[in-house]
Amino acid sequence: MSDNFFTAGLEDVDPLVFKATKNEVSRQTNGLELIASENFVSEAVLQAMGSVFTNKYAEGYPGKRYYGGCEFADEVEQLAIDRARELFGAEHANVQPHSGSQANTAVYIAALEHGNKILGMDLSHGGHLTHGHPLNFSGINFEVASYGVSRETEQIDYDELQKKVEAERPAMIVCGASAYPRIIDFERIGEIARSVGAMVMADIAHIAGMVAVGLHPTPVPHCEYVTTTTHKTLRGPRGGLILCKEEFAKNVDRSVFPGVQGGPLVHIIAAKAVAFGEALREEFRSYQAQILSNAKALADELTAGGLRLVSGGTDNHLILVDVFMDGKGITGKKAEKALEEVNITVNKNTIPFDTNKPFVASGIRVGTPALTTRGMKEDDMRKIGSLISKIVHEPDSEDVRGEVRREVKELTGRFPMYPARQPTFGSEAISAG
Ligand code: DSN
């Protein structure tokens, strides 16, 4: 390494990684990001993630570390904890999980015995791998049963859930979803759990931002454990968070460290503190309200464009679009690819009772958090909805593709990103158009 180790930039030290990074900046800037679980963090969050805290080992918790030199790590972790508790009105917060999966693992280990039964939402109905999929640690280490949505309404039927819980007698109900466009009634799920003496873990990874500002009912008073990622609607760094009642705090902390993880990622914890601070501001509530309003505008336009929405619409930030429509349309796989060709990024997704395999899928999942961060509003969403419908109806038409590419370029050009990064990556990567 040259003697400019502490000053040389990425471009000089590693042109290959620099080039890939620059291309990614350009991809994010020049495309329409509609993956429901993605977002764009603030410049401040990016700076905290890229800070010297990445150099620090801090096994343990604030004030009780296994390493010296942790006074500033303590400061940022305590800030993150205090802000998370305030944001969600929770008695205890653990901000160390590296991811949502690790947050869920830690809760299972804290709360359950090996082989206990968990009842989670079926992945193909909108659940998550860590909620009991047979190939995931949750399905491997615990007995698993699952619930889904009703065939008629494509929404959770809470009376059916009550019956299922009475029949299965799980030790824990896992609720929360990664592809469910409706409000989740955590209060009712809490009542159902108590009727059989089960615990509840609510995984609010997708809806955490809305929960934080009161635009989705909170699970905190009704569930023993609440987990989330910090990078979706919460708009923080990629990571996890556990909230629980004080009586479970010790077990949860022990389960995260040393149970599941070693040293915490202090730079990510610093960035979580920044993101939670941002989320405590009034502007964050307006941002969440705009996400919801944008999702409704997008949903209406997709319906007007002849596409079928699972459950008929959305109450949150995401929309599950049935693009297959019993063979009259195209598969989710084909739709994802065709949209990617015109710089619109979505993911294929199974729909409830899907007749296609998961890797093909009948649906696409679209969400508004990232484009709302970028500043787009209802009119832009209606435009995007019409572009998506055009592509789904004529995925192979070069004329349609050309027209949509031009519209995407015009739209992204009006919403520049990360101006402070311009000196590093160059204006052509930053300003679209
Ligand atoms: N992979 C995430 C999502 O896209 O929803 C869930 O973990």
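The values are calculated or read from the model by the stated rules, or taken from the named source; none is laboratory data. None of the values given here were measured: they were computed from a predicted structure. Here Cβ is always computed from backbone atoms with ideal geometry, including for glycine, and neighbour counts include all displayed protein chains. The protein model used for the area step is the full one, side chains on, heavy atoms only, and it has no ligands, DNA or RNA in it. Shrake-Rupley method; radii C 1.70, N 1.55, O 1.52, S 1.80 Å.
Remarks
- Bridging of Lys409 to aspartates and glutamates at a Cα separation below 19 Å is possible for Glu24, Glu33, Glu336, Glu340, Glu341, Glu378, Asp379, Asp380, Glu398, Asp399, Glu428, once same-chain residues fewer than 8 apart are set aside.
- When only Cα pairs below 8 angstrom with a gap of at least 6 residues are kept, the chain shows a relative contact order of 22 percent.
- Options Asn136, Ser195, Leu265, ranked by Cα towards positive dipole end of the chain, top entry (Cβ charges): Asn136
- Modelled label positions at Lys357 and Ala167, each set 7 Å beyond Cα in the direction of Cβ, lie 2.9 nm from each other.
- Put the Cα centre of the range 233-309 next to the Cα centre of the range 181-229 and the gap is 14 Å.
- Residue with peak Gaussian network fluctuation, the chain [Cα springs, cutoff 10 Å], from Phe276, Phe18, Phe248: Phe18
- Counting only protein heavy atoms and a probe of 1.4 Å, the accessible surface of the chain is 51% carbon and sulfur.
- Over the range 283-433, Cα pairs under 8 Å with separation of 6+ residues give a relative contact order of 23 percent.
- Comparing Arg365, Arg85, Arg421 in a Gaussian network model of the chain (Cα springs below 10 Å), the most mobile by mean-square fluctuation is Arg421.
- Cα-based values for the range 229-269, radius of gyration first and Dmax second, are 11.6, 29 Å.
- The distance between label points at Leu16 and Glu378 comes to 5.0 nm (points 7 Å beyond Cα on the Cα→Cβ vector).
- Taking a straight Cα-Cα cut-off under 19 Å and skipping sequence neighbours fewer than 8 places away in the same chain, the lysines within cross-link reach of Lys56 are Lys64, Lys272.
- With a cut-off of 11 Å between beta carbons, the residues surrounding Arg182 carry a summed charge of -3, where Lys and Arg count +1 and Asp and Glu -1.
- Extension gain for His393 to Ser42 (0.36 nm times residue separation, less C-alpha to C-alpha distance): 122.8 nm.
- Across Ser386, Ser286, the residue with the most accessible area heads the list, and the full order at a 1.4 Å probe is Ser286, Ser386.
- Charged side chains reduced to their Cβ positions (Lys and Arg at +1, Asp and Glu at -1) give the range 1-110 a dipole of some 220 debye around its Cα centre.
- Dipole size of the range 325-407 about its Cα centre, with +1 on Lys/Arg Cβ and -1 on Asp/Glu Cβ: approximately 240 debye, rounded to the nearest 20.
- The chain: calculated mean residue ellipticity at 222 nm from DSSP helix runs of at least 4, using -39500 (n - 2.57): -13000 deg cm²/dmol
- The magnitude of the dipole of the chain, with charges of +1 and -1 set on the Cβ of Lys/Arg and Asp/Glu and taken from the Cα centre, is near 280 debye.
- Relative contact order computed over the range 103-149 (Cα-Cα under 8 Å; 6+ residues apart), in percent: 38 percent
- Pairs beyond 24 Å (Cα-Cα), from Lys117/Lys357; Lys22/Lys333; Lys296/Lys348; Lys337/Lys383: Lys117/Lys357; Lys22/Lys333
- Most mobile of Lys383, Lys333, Lys250 in a GNM of the chain (Cα contacts under 10 Å): Lys250
- Legend: translational diffusion of the chain by Stokes-Einstein, Rh = Kirkwood radius over C-alpha pairs, 10 °C, 1.306 mPa s; D = 70 µm²/s.
- Ranked by the mean number of other Cβ atoms within 10 Å per residue, highest first, peptides 233-240, 375-382 order as 233-240, 375-382.
- Spacing of the modelled spin labels on Phe5 and Gln422, each 7 Å from Cα toward Cβ, amounts to 3.5 nm.
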